[in-house]
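Notes follow once the structure below has been shown.
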Amino acid sequence: QVQLVESGGGLVQAGGSLRLSCAASGRTFGDYVMGWFRQAPGKEREFVAVIGSSSSTYYGESVKGRFSISRDNAKNTVYLQMNSLRPEDTAVYYCATYRGGALNWARSFDYWGQGTQVTVSS
């Protein structure tokens with residue numbers, strides 16, 4: 001069993017920055033691939049970024065060059081640094097653990113946090 005708790009969301013103006021955190025417990029965190037997804041009202045869950053156990057990274061096209069995923073295995077935490085935020089980045093952001101399959105598919109991830117709301121005003 002894995003518990004994931006996201007934090008760091010909030011309201012920010014367009015062009016601003018936020019850093020999300022996802023604290024994990026219940027597993028050997030450093031062994032696992034971790035991902036971030038987001039879901040806006042009325043839309044499907046969208047892939048944002050993923051980070052491997054060796055800190056290799058992969059990003060969704062809509063956030064590439066603006067967002068950065070990182071991890072601190074000593075703290076069992078994965079981060080999402082979000083810069084140059086746009087109103088279309090408004091969504092609930094979720095972290096999740098990877099179980100297998102395509103890296104950008106939500107169904108490839110098994111344990112999920114409760115999400116943290118990010119709202120970007122224009």
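Quick grid of which residues meet (1) part of a loop (DSSP other than H, G, I, E, B); (2) at positive phi; (3) touching a Leu at 6+ places or on another chain (Cβ under 8 Å):
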position: G35; (1), (2), (3): no, no, yes
position: E44; (1), (2), (3): yes, no, no
position: V63; (1), (2), (3): yes, no, no
position: Y79; (1), (2), (3): no, no, yes
position: S84; (1), (2), (3): yes, yes, no
position: E88; (1), (2), (3): no, no, no
position: C95; (1), (2), (3): no, no, yes
position: R107; (1), (2), (3): no, no, no
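Within the stretch 1-41, track down each residue that is open to solvent by 30 Å² or more (accessible area, probe 1.4 Å), at pLDDT 95 or above and of a type in the set (G, A, S).
S7, G8, G9, A14, G15, S17, A23
Restricting attention to the stretch 107-122, which residues are open to solvent by 30 Å² or more (accessible area, probe 1.4 Å) and among the polar types (S, T, N, Q)?
Selection gives Q114, Q117, T119, S121, S122.
Quick check on A102: is it at pLDDT 95 or above and touching a helix residue (DSSP H, G or I) at 6+ places or on another chain (Cβ under 8 Å)?
It is false that A102 is at pLDDT 95 or above and touching a helix residue (DSSP H, G or I) at 6+ places or on another chain (Cβ under 8 Å).
Does Y79 count as of a type in the set (F, W, Y) and open to solvent by 50 Å² or more (accessible area, probe 1.4 Å)?
no
Please find, among V12, V63, V33, the residue that is among the β-branched types (V, I, T), touching a residue at least 40 places away in the same chain (Cβ under 8 Å) and more than 15 Å from C95 (Cα to Cα).
The unique qualifying residue is V12.
Does V50 fit the bill of being outside any helix (DSSP H, G or I), surrounded by 18 or more Cβ atoms within 10 Å (Cβ to Cβ) and among the β-branched types (V, I, T)?
The answer is yes for V50.
Name the pairs: first residue in the stretch 107-121 and free of Cβ contacts under 8 Å to residues at least 40 places away in the same chain and closer than 17 Å to N83 by Cβ, second residue open to solvent by 10 Å² or more (accessible area, probe 1.4 Å) and not acidic (D, E), Cβ to Cβ under 8 Å, at least 6 apart or on different chains?
none
Any chance you could count how many residues in the stretch 82-106 are open to solvent by 40 Å² or more (accessible area, probe 1.4 Å) and in contact (Cβ under 8 Å) with a residue 60 or more places away in the chain?
Total meeting the criteria: 6.
The values are calculated or read from the model by the stated rules, or taken from the named source; none is laboratory data. This is a predicted model, so every value here is computed, not measured. Quick reminder, even Gly has a Cβ in these numbers, built from the backbone with ideal geometry, and neighbours come from all protein chains shown. Keep in mind that these areas ignore ligands, DNA and RNA; they rest on the heavy atoms of the full protein, side chains included. Shrake-Rupley method; radii C 1.70, N 1.55, O 1.52, S 1.80 Å.
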